[in-house]
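First the structure, in the form of structure tokens, and then the observations on it.
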Amino acid sequence: MTHFLARLLGRLPIGWLQLTHNRGRLLAALAGVTFANVLVFVQLGIMGALNTTIVRDYQLIDADIMISAEDANTLTEGSNAPRQLMYRALSHPSVGAASPLFISNAQFNDEQGEVTFQVIGFDPDVEGIMAGIVNDQRTNLRVSNGVLADSQTRGLSPEIAEALEAGRS
């Protein structure tokens, strides 16, 4: 192989000669580089999954500014923010609308076990707070015990989906 490359390229680089001198070292070097690449791609996959999970909740909300408690690092953690902050923001002339947003976890029990849902509560009469299909379905939420459930929720069995559509919880 070395003679073929020498004829093709002329002088061979010293690095190539050192790598190919001992096949065991070459295989160990290739295995190390391959292992490092696998680790990097696994870390990138985990980072992408975490980023998607965190961003998904924020995509439901169509707001320019969100006021949260001082101890909140994400949308779902932290204590309640005082309602006076919302009223103070509404007093500013450039603020068009404001509405409280309630986020919590709820358990749904059936014969198959317990499923925990993240629940987002908002006033359906306030326009422009929620984005996408949630904003389009606001009229369905005005009905007593009305809910919207994400059909791609993990662990959502057909029985639970039917129960949520029927308003049982």
Restrict the check to segment 153-162 and report whether at least one residue is assigned to a helix (DSSP H, G or I) and either modelled with pLDDT of 75 or more or aliphatic (A, V, I, L, M) (or both). yes
Out of curiosity, is Tyr58 without any contact (Cβ under 8 Å) to a residue 24 or more places away in the chain, closer than 30 Å to Arg138 by Cα, part of a helix (DSSP H, G or I) and in contact with a Leu (Cβ under 7 Å, 6 or more places away or on another chain)? yes
Checking Ala63 against (1) without any contact (Cβ under 8 Å) to a residue 60 or more places away in the chain; (2) assigned to a loop (DSSP other than H, G, I, E, B); (3) among the aliphatic types (A, V, I, L, M), only one condition comes out false. Which one? (1)
Filtered residues of segment 1-55 (kept if in a loop (DSSP other than H, G, I, E, B) and open to solvent by 70 Å² or more (accessible area, probe 1.4 Å)): Met1, Arg11, Pro13
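The values are calculated or read from the model by the stated rules, or taken from the named source; none is laboratory data. Fair warning: this is a prediction, and the values are worked out from it, not measured in the lab. Using ideal geometry, Cβ is built from the backbone for each residue, glycine included, and neighbour counts are taken over all protein chains shown. Quick note on the areas: whole protein, heavy atoms, side chains included, nothing else; ligands and nucleic acids left out. Shrake-Rupley method; radii C 1.70, N 1.55, O 1.52, S 1.80 Å.
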